[in-house]
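To keep things clear, I will list the structure first and then write my remarks on it.
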Amino acid sequence: MTEKLKPILFDVPSELIGERVVLRAFRDEHAPDLWNAVEASRAHLKPWMPWVNDHNSLEFSREYVRRMQAKWILREDLPMGIWRKGDGQFLGATGLHRMDWSVPSMEIGYWLRPDARGNGYVTEAVKLITQFAFTHMRAERVTICCSSKNLRSAGVPPRAGYVHEATMRHERRDADGNLDDTERFAMSRADFDKLHG
Ligand SMILES: CC(C)(COP(=O)(O)OP(=O)(O)OC[C@H]1O[C@@H](n2cnc3c(N)ncnc32)[C@H](O)[C@@H]1OP(=O)(O)O)[C@@H](O)C(=O)NCCC(=O)NCCS
């Protein structure tokens, strides 16, 4: 029998600091950063992240960061912004989603502004949030999923030490409504312990 977890009582840091990036739980004052980055990223997010169509005003960003603060406190969803340490520029977002506390397992998502790609920032962010999941959130399993066509996204998990676990055929529809495959990557606690031996 495992103990009944009470994630709401887990102590969590409000920021995760890496070599080049810092991840922070969203606060009210982050809404303009988020809105500007979504506007700059709309075209390249659209094929992979359909939520971008609804994210269509600064007011939406303001509502989003408020809602996410509530979900953060309840440990229902743990989204974080990604900032560059050097100049404080907002680069994009990541987070732990689809929490299943009975395992516990969770899934990482991510996106970057197009002009921030190609520097390894998301790989660094994924390593940070993976550490956060296995330590503070007591994860036993963390997954990362993407469309088989999203080659840039599929490049991230292996760089962060994740294993390709499955190709799930016709698991989703793409932005045009066509059936699409999903690549699933995973890290177990044993994998994590081995990496951090
Ligand atoms: C998916 C996405 C976040 C990947 O961004 P990315 O910059 O390619 O990812 P990384 O941060 O891991 O950077 C890797 C790139 O930086 C390069 N790089 C440079 N310095 C690096 C370093 N120190 N460490 C690792 N990679 C480095 C790598 O060679 C690689 O470049 P390449 O693809 O030209 O070989 C980005 O394309 C995106 O936002 N896409 C739209 C949203 C999306 O699809 N999200 C995922 C939905 S499942």
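The values are calculated or read from the model by the stated rules, or taken from the named source; none is laboratory data. Source: prediction; values computed, not measured. Virtual Cβ from ideal backbone geometry, glycine too; neighbours counted across all protein chains shown. Areas reflect the complete protein model, heavy atoms only, side chains present, ligands, DNA and RNA absent. Shrake-Rupley method; radii C 1.70, N 1.55, O 1.52, S 1.80 Å.
Under 8 Å between Cβ atoms, at least 6 apart or on separate chains: pull out the pairs that start in the range 152-170 with a residue that is over 22 Å from PHE134 (Cα atoms) and of a type in the set (Lys, Arg) and end on any residue that is at pLDDT 95 or above and more than 8 Å from the ligand (Cβ to nearest atom).
Short answer, once both residue conditions are applied: ARG169/ASP181.
Go through (1) modelled with pLDDT of 95 or more; (2) open to solvent by 40 Å² or more (accessible area, probe 1.4 Å); (3) of a type outside the set (Gly, Ala, Ser) one by one and return the number of the condition HIS196 breaks.
So HIS196 meets the others, but not (1).
Need a quick list: helices (runs of 4 or more DSSP H) entirely within the range 114-197 having at least 1 residues that are out of contact with any strand residue (DSSP E or B) (no Cβ under 7 Å at 6 or more places or on another chain) and within 28 Å of VAL38 (Cα to Cα). Steps first, please.
On the way: elements: 121-135, 151-159, 189-195.
By residue number, 121-135, 151-159.
Is it the case that the range 86-99 has a residue that's more than 16 Å from the ligand (Cβ to nearest atom) and of a type in the set (Gly, Ala, Ser)?
First pass over the range 86-99, keeping only residues more than 16 Å from the ligand (Cβ to nearest atom): 87-88, 99.
Narrowing further to those that are of a type in the set (Gly, Ala, Ser): 88.
There is at least one residue in the range 86-99 that is more than 16 Å from the ligand (Cβ to nearest atom) and of a type in the set (Gly, Ala, Ser).
Which of the residues that make up the range 87-114 are under 17 Å from ARG184 (Cα atoms) and open to solvent by 40 Å² or more (accessible area, probe 1.4 Å)?
Matches in the range 87-114: HIS97, ARG98, ASP100.
Kindly list, by first and then second residue, each pair from a residue in the range 7-25 that is among the basic types (Lys, Arg) to a residue that is part of a strand (DSSP E or B) and more than 15 Å from the ligand (Cβ to nearest atom), limited to pairs with Cβ atoms under 7 Å and residues at least 6 apart or on different chains.
If the second residue must be part of a strand (DSSP E or B) and more than 15 Å from the ligand (Cβ to nearest atom), the pairs left are ARG24/GLU15.
Listed here are the residues, each with its yes/no results for (1) in contact with a helix residue (DSSP H, G or I) (Cβ under 6 Å, 6 or more places away or on another chain); (2) free of Cβ contacts under 8 Å to residues at least 24 places away in the same chain; (3) farther than 30 Å from SER188 by Cα; (4) more than 16 Å from the ligand (Cβ to nearest atom).
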{"site": "LEU58", "(1), (2), (3), (4)": "yes, no, yes, yes"}
{"site": "GLN69", "(1), (2), (3), (4)": "no, no, no, yes"}
{"site": "MET80", "(1), (2), (3), (4)": "no, no, no, no"}
{"site": "ARG117", "(1), (2), (3), (4)": "no, no, no, no"}
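For LYS127, indicate whether it is within 16 Å of the ligand (Cβ to nearest atom) and open to solvent by 70 Å² or more (accessible area, probe 1.4 Å).
It is true that LYS127 is within 16 Å of the ligand (Cβ to nearest atom) and open to solvent by 70 Å² or more (accessible area, probe 1.4 Å).
Has the range 143-154 got any residue that is closer than 14 Å to MET49 by Cβ, open to solvent by less than 20 Å² (accessible area, probe 1.4 Å), out of contact with any helix residue (DSSP H, G or I) (no Cβ under 8 Å at 6 or more places or on another chain) and of a type in the set (Gly, Ala, Ser)?
So far as the range 143-154 goes, yes, one or more of its residues are closer than 14 Å to MET49 by Cβ, open to solvent by less than 20 Å² (accessible area, probe 1.4 Å), out of contact with any helix residue (DSSP H, G or I) (no Cβ under 8 Å at 6 or more places or on another chain) and of a type in the set (Gly, Ala, Ser).
Can you name the number of the only condition in (1) out of contact with any helix residue (DSSP H, G or I) (no Cβ under 6 Å at 6 or more places or on another chain); (2) closer than 20 Å to ASP77 by Cβ; (3) open to solvent by less than 60 Å² (accessible area, probe 1.4 Å) that THR135 fails?
Result: THR135 fails condition (3) only.
Here is a yes/no grid of residues against (1) among the aliphatic types (A, V, I, L, M); (2) out of contact with any Gly (no Cβ under 8 Å at 6 or more places or on another chain); (3) outside any helix (DSSP H, G or I):
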site	(1), (2), (3)
TRP35	no, yes, no
VAL52	yes, yes, no
ARG62	no, yes, no
MET68	yes, yes, no
ALA93	yes, no, yes
MET99	yes, yes, yes
